[in-house]
Amino acid sequence: MLVQDITHDLTQAMKAREEPRLSTLRMLKAELQKLQADKGKGVEITDDDVHGVIRRLIKQRKDAAEQYKAGGADDRAESELSEIAILEPYLPKQLSDDEIDALISEAAGEIGASSPKDMGKLMKAVMAKAKGQADGSRVKERASAYLNK
């Protein structure tokens, strides 16, 4: 299970005294403990739950990095980006653009999406098929291009 892998990696980072990795994994572990508390005792956290937490943390880091860059704090932006690099390996392999395009075509055929006004329905269908293997902004960009053809 992913939670056990994260705990193991956290221990390894402690032993190796890898400070950036250690602090990032500690932050992730704290978020997972909050999730466990919210779910209640005896309810297991699934890998999908962990992926959701990691995606949220990555999004927060990306947003913060953009703001730091805009404010001229490049060193802080680099710190946020390095945390993203530590978190990303725990996510499932991301789909390529070609694979996303194939999902979009398939979903559009199934729901009959043909114009930009169908974007919401198409996004919902594609994201359900992608199952966390594609970033929503990438899918939106590709779907928009598909519908505007």
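The values are calculated or read from the model by the stated rules, or taken from the named source; none is laboratory data. Since the model is a prediction, treat every value here as computed from it, not as a measurement. Note that each Cβ is placed from the backbone with ideal geometry, even for glycine, and that neighbours are counted across all protein chains shown.
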(request) Answer yes if at least one residue in segment 49-58 is surrounded by 14 or more Cβ atoms within 10 Å (Cβ to Cβ), among the charged types (D, E, K, R), closer than 26 Å to K129 by Cβ and touching an Asp or Glu at 6+ places or on another chain (Cβ under 9 Å), and no otherwise. (result) yes
(request) Determine which member of the set G136, G132 is surrounded by fewer than 18 Cβ atoms within 10 Å (Cβ to Cβ) and either more than 18 Å from the chain's Cα centre (by Cα) or in contact (Cβ under 8 Å) with a residue 60 or more places away in the chain (or both). (result) G132
(request) Just name the residue that is farthest from the chain's Cα centre (by Cα) out of those in segment 13-22 that are part of a helix (DSSP H, G or I) and surrounded by 13 or more Cβ atoms within 10 Å (Cβ to Cβ). (result) M14
(request) Could you tell me whether segment 31-42 includes any residue that is acidic (D, E), part of a loop (DSSP other than H, G, I, E, B), more than 18 Å from the chain's Cα centre (by Cα) and in the same structural domain as L10 (by TED's automatic domain parsing)? (result) no
(message) I'd like to verify a number: residues in segment 85-100 that are in a helix (DSSP H, G or I) and either surrounded by 17 or more Cβ atoms within 10 Å (Cβ to Cβ) or of a type in the set (F, W, Y) (or both), how many?
(response) 4
(message) Only one of L2, L103 is surrounded by 13 or more Cβ atoms within 10 Å (Cβ to Cβ), modelled with pLDDT under 95, of a type in the set (A, V, I, L, M) and more than 27 Å from L147 (Cβ to Cβ). Can you tell me which?
(response) L2
(request) Tell me, please, whether a residue that is aliphatic (A, V, I, L, M), in contact with a Leu (Cβ under 6 Å, 6 or more places away or on another chain) and under 30 Å from L35 (Cβ atoms) can be found in segment 90-103. (result) no
(message) Out of G132, G72, I need the residue that is at pLDDT 90 or above and not in a helix (DSSP H, G or I). Which one?
(response) G72
(request) Inspect all residues belonging to segment 52-62 and state whether any of them is of a type in the set (S, T, N, Q), over 30 Å from Q12 (Cα atoms) and either part of a helix (DSSP H, G or I) or free of Cβ contacts under 8 Å to residues at least 60 places away in the same chain (or both). (result) no
